[in-house]
Amino acid sequence: MNYTYKFPTVRGIQSNREYYISMIPMKLLSKLFPADEENVLPEYRAQRRINESRIPEIRDYILNNRNTYVFSALSASIDGNFKYYPSEVSNDIGVLEVDMDSVFLINDGQHRKAAIEAAIIEDSSIGNETISIVFFKDEGLLKSQQMFTDLNKHAVKTSNSLSTLYDSRDELAVATKSVIENVNFLKKYTDKERDILGKNSSNLFTLTSIYKANQRIIHNNECSESDTKFLIAFWNTVTTNISEWNELQERTLTKKDLRENYITTLAITINAFGRLGRYFYDNKDVDMNIFLKNLSSIDWLRSNRENWLGRAIRNDGKIKNNEEAVILTCTKIKMLLGIDLTKEEEYKEKQFNGRK
């Protein structure tokens, strides 16, 4: 007797060949798609090797958002005998019968599948929920490899800024959007979609750069209402006291001059402001307005070698972009503002002066 799987199916056509879309209980995924063979050479596989480090993050996404998580369809090929039976309602709605000795190969979505299996171990009720699978007829290894390439070649990763803009689960992302909305200068000059700005962009900052600076301030993705109010107050005070930003508003300084001649729009400086904000966040008894008003007296010119050379600017004039540079830029700002350094900052400053 020949046993079969029977999947309620919608039939479609792409590239002059049939494909089938079925809703599969998640608890069946491990049976339909057994674990990959780790020792198979890449030329004999039709998909990438599982990256185990990705699984916990996706698993936790499911478990932490039981009532709101969303997954797109898996794509798979059927290597074996199957037959489609149309219904009386429509030729394109019916049942797909697949021999149980057929082999199912995932062409796209193996990390989602592995994460679902891991989530079911934690919460068995997930196994009764369904995920859609797009089934194709397996036409050999080369065809499956090409399918994997076609499915992944044109995928474009969403920018971090756009992900932050659309993320309503991340409390810090929500707070950062509130900061942008309530700090007029940032609202006017922050790009909410791109991570990299062109030299002729009408914007000066990216949403993701402000988000990362806020991470330095709060040191946690959990962000209370009082935290949000602090962030808004901090950034309002900073933007009010950067003279060049005020000159831009008054049209006595152009965006081109600001970008080319000053460090105040650099990502490293925004991150340094985030580190500076951490001091006031941890020391709420300190009146940040008294200290931050002195930002207006700082010489932010890139050519100010005394302040920024070796910190934000390299000897060749290019921008430094690493954690040490953020710390050294922040320590210089704190010293200019008259703020005590942390032990880490004192150590980094001692190292820096020793290299001069």
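The values are calculated or read from the model by the stated rules, or taken from the named source; none is laboratory data. Quantities reported herein were computed from a predicted structural model and do not represent experimental measurements. So basically every Cβ, Gly included, is an ideal-geometry build from the backbone, and we count neighbours across all protein chains shown.
Across the stretch 181-208, the qualifying residues are those that are under 20 Å from L248 (Cα atoms) and among the hydroxyl-bearing types (S, T, Y), and the one among them that is surrounded by the most Cβ atoms within 10 Å (Cβ to Cβ) is T206.
The set of residues from the stretch 116-141 being touching a Pro at 6+ places or on another chain (Cβ under 8 Å) and either among the hydroxyl-bearing types (S, T, Y) or surrounded by 14 or more Cβ atoms within 10 Å (Cβ to Cβ) (or both) comprises A118, G127, E129, T130.
Every residue, every condition in (1) in a loop (DSSP other than H, G, I, E, B); (2) in contact with a Ser or Thr (Cβ under 9 Å, 6 or more places away or on another chain); (3) surrounded by fewer than 16 Cβ atoms within 10 Å (Cβ to Cβ), yes or no:
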| position | (1), (2), (3) |
| --- | --- |
| L292 | no, yes, no |
| S296 | no, yes, yes |
| N315 | yes, no, yes |
| E324 | no, no, yes |
| L328 | no, no, no |
| M335 | no, no, yes |
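If you take the residues in the stretch 190-212 that are touching a residue at least 40 places away in the same chain (Cβ under 8 Å) and either part of a loop (DSSP other than H, G, I, E, B) or acidic (D, E) (or both), which one is nearest to D167 (Cα to Cα)?
Going through the stretch 190-212, the residues touching a residue at least 40 places away in the same chain (Cβ under 8 Å) turn out to be 199, 202, 204-212.
Add one more test, that the residue is either part of a loop (DSSP other than H, G, I, E, B) or acidic (D, E) (or both), and what stays is 199, 202, 204.
Numbers: K199: 28, S202: 24, L204: 22 Å.
Across the stretch 190-212, the extreme among qualifying residues is L204.
Checking each residue in the stretch 213-252 for being buried (at least 16 other Cβ atoms within 10 Å of the Cβ), at pLDDT 95 or above and either charged (D, E, K, R) or not in a helix (DSSP H, G or I) (or both) picks out R216, D227, I242, E244. Residues in the stretch 80-134 that are within 17 Å of M23 (Cα to Cα), in a helix (DSSP H, G or I) and of a type in the set (D, E, K, R): R112, K113, E117. From the list I210, I196, the one residue that fits, being modelled with pLDDT of 95 or more and under 20 Å from the mean Cα position of the chain (by Cα), is I210.
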